[in-house]
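Single-structure report; data block below.
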């Protein structure tokens, strides 16, 4: 494999890419970050490439980040929001995508509620597929931008202690992050109420902690996840107030630690529940860096996969 090629034609999940792929994506993203910060932010790299953003679930942030990345690379962009389209009339995933491919699309960025939908697609259509989130399974570009942000802040990921706090059970971010951080040599812990931690997650080689203060004392980085109100029957936690009381992170807790840790959040934040405003907006937070890095990472992924077309 040449050092400017990914080992795969698709980005289906972190599980399916190599550490070399991750390093190449980071190297390319670093170059694109310089582009984003120039007065003229566009490069002609994907001028003849048509990309369809197919979202079967709403996700304003991820969709806008991908769209911005595509436009910065001068690609032609087709947006397809499935919740408001013929899918609600019973059209199947394959029908939808075949219709999009009839428009001669080269790449498909897709978010879908069913785990494995992207694998299914990659076997049936010719375009490059990028997983923008499948069910509670994976969200690879989020994990890449998170790890990239850690490396940018701390110099490297290897050897760092990273805790993922919150609703691990319903989170595709958590799973992708675990795979990505471990591939890069970090130590990973998950922390949350027992009801929100998957039963056999320790089999993935992560530590499990139910006391958020102990987790914060252990870690170099805390990646705080959103409590996903829309995915939950409230039975998982007695109330949001109680969650905030036992697992919410605030500035005072951070100040009481013997070291300064890095605070991250994939967004959007439920302020005052998993993270207070004074913690989210503190100097320890790299949440806004994550947003900027998201565009650079997605530019890198699109650019590198476009090189694998055909």
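The values are calculated or read from the model by the stated rules, or taken from the named source; none is laboratory data. What you see is a predicted model, and the numbers here were worked out from it, not measured in a lab. Here Cβ is always computed from backbone atoms with ideal geometry, including for glycine, and neighbour counts include all displayed protein chains.
Taking segment 152-167, which residues are surrounded by 24 or more Cβ atoms within 10 Å (Cβ to Cβ) and touching a strand residue (DSSP E or B) at 6+ places or on another chain (Cβ under 7 Å)?
Matches in segment 152-167: 162, 163, 164, 165, 166.
Is one or more of the residues making up segment 83-91 in contact with a helix residue (DSSP H, G or I) (Cβ under 9 Å, 6 or more places away or on another chain) and part of a loop (DSSP other than H, G, I, E, B)? First the steps, then the outcome.
Just the residues of segment 83-91 that are in contact with a helix residue (DSSP H, G or I) (Cβ under 9 Å, 6 or more places away or on another chain), to begin with: 85-88, 91.
Narrowing the set further to residues that are part of a loop (DSSP other than H, G, I, E, B) leaves 85, 91.
Yes; the residues of segment 83-91 include at least one that is in contact with a helix residue (DSSP H, G or I) (Cβ under 9 Å, 6 or more places away or on another chain) and part of a loop (DSSP other than H, G, I, E, B).
With respect to residue 109, determine if the residue is surrounded by fewer than 23 Cβ atoms within 10 Å (Cβ to Cβ), outside the structural domain of residue 167 (by TED's automatic domain parsing), at negative phi and not in a helix (DSSP H, G or I). Quick ask: steps written out before the conclusion?
Working: surrounded by fewer than 23 Cβ atoms within 10 Å (Cβ to Cβ): no; outside the structural domain of residue 167 (by TED's automatic domain parsing): yes; at negative phi: yes; not in a helix (DSSP H, G or I): yes.
When the stated conditions are applied, residue 109 does not pass them.
Restricting the search to segment 283-310, which residues are crowded, with 17+ Cβ neighbours inside 10 Å and more than 23 Å from residue 59 (Cα to Cα)?
284, 304, 306 - these are the residues of segment 283-310 that are crowded, with 17+ Cβ neighbours inside 10 Å and more than 23 Å from residue 59 (Cα to Cα).
If we keep just the residues of segment 34-70 that are free of Cβ contacts under 8 Å to residues at least 12 places away in the same chain and within 22 Å of residue 114 (Cα to Cα), which is surrounded by the most Cβ atoms within 10 Å (Cβ to Cβ)?
Restricting to residues being free of Cβ contacts under 8 Å to residues at least 12 places away in the same chain and within 22 Å of residue 114 (Cα to Cα), the top hit is 64.
For segment 10-64, which positions are part of a loop (DSSP other than H, G, I, E, B), touching a strand residue (DSSP E or B) at 6+ places or on another chain (Cβ under 8 Å), over 17 Å from residue 106 (Cα atoms) and at pLDDT 95 or above?
Result: 13, 17.
Considering every residue within segment 125-134, establish whether at least one is at pLDDT below 95 and farther than 26 Å from residue 24 by Cβ.
No: segment 125-134 contains no residue that is at pLDDT below 95 and farther than 26 Å from residue 24 by Cβ.
Would you be able to say whether some residue in segment 242-261 is loosely packed, with under 13 Cβ neighbours inside 10 Å, under 24 Å from the mean Cα position of the chain (by Cα), closer than 22 Å to residue 169 by Cβ and in contact (Cβ under 8 Å) with a residue 40 or more places away in the chain? If you could, list the steps in order and put the result at the bottom.
Here is the first cut: in segment 242-261, the residues loosely packed, with under 13 Cβ neighbours inside 10 Å are 242, 245, 252, 255-256, 258-260.
Adding the requirement that they be under 24 Å from the mean Cα position of the chain (by Cα) leaves none.
No, segment 242-261 contains no residue that is loosely packed, with under 13 Cβ neighbours inside 10 Å, under 24 Å from the mean Cα position of the chain (by Cα), closer than 22 Å to residue 169 by Cβ and in contact (Cβ under 8 Å) with a residue 40 or more places away in the chain.
Given the conditions (1) assigned by TED's automatic domain parsing to the domain that holds residue 99; (2) free of Cβ contacts under 8 Å to residues at least 24 places away in the same chain, and given that residue 202 satisfies all but one, which numbered condition is not satisfied?
Of the numbered conditions (1) assigned by TED's automatic domain parsing to the domain that holds residue 99; (2) free of Cβ contacts under 8 Å to residues at least 24 places away in the same chain, the odd one out for residue 202 is (1).
Name the helices (runs of 4 or more DSSP H) wholly within segment 217-310 that hold at least 3 residues that are farther than 26 Å from residue 36 by Cβ and out of contact with any helix residue (DSSP H, G or I) (no Cβ under 6 Å at 6 or more places or on another chain)?
Filter on segment 217-310 gives 240-247, 251-255.
Is it true that some residue in segment 175-192 is under 23 Å from residue 70 (Cβ atoms), crowded, with 20+ Cβ neighbours inside 10 Å, touching a helix residue (DSSP H, G or I) at 6+ places or on another chain (Cβ under 7 Å) and at pLDDT 95 or above?
Looking only at segment 175-192, we keep the residues that are under 23 Å from residue 70 (Cβ atoms), and these are 176, 180.
Still in the list and also crowded, with 20+ Cβ neighbours inside 10 Å: 176, 180.
Now restrict to residues that are touching a helix residue (DSSP H, G or I) at 6+ places or on another chain (Cβ under 7 Å): 176, 180.
Next, only the ones that are at pLDDT 95 or above stay: 176, 180.
The answer is yes, given that some residue of segment 175-192 is under 23 Å from residue 70 (Cβ atoms), crowded, with 20+ Cβ neighbours inside 10 Å, touching a helix residue (DSSP H, G or I) at 6+ places or on another chain (Cβ under 7 Å) and at pLDDT 95 or above.
Limited to segment 164-177, what total is found for residues that are within 15 Å of residue 145 (Cβ to Cβ) and outside any strand (DSSP E or B)? Write out each step before concluding.
Step one: filter segment 164-177 for residues within 15 Å of residue 145 (Cβ to Cβ), giving 164, 172-174, 176-177.
Filter again for outside any strand (DSSP E or B), leaving 172-174, 176-177.
Number satisfying all stated conditions: 5.
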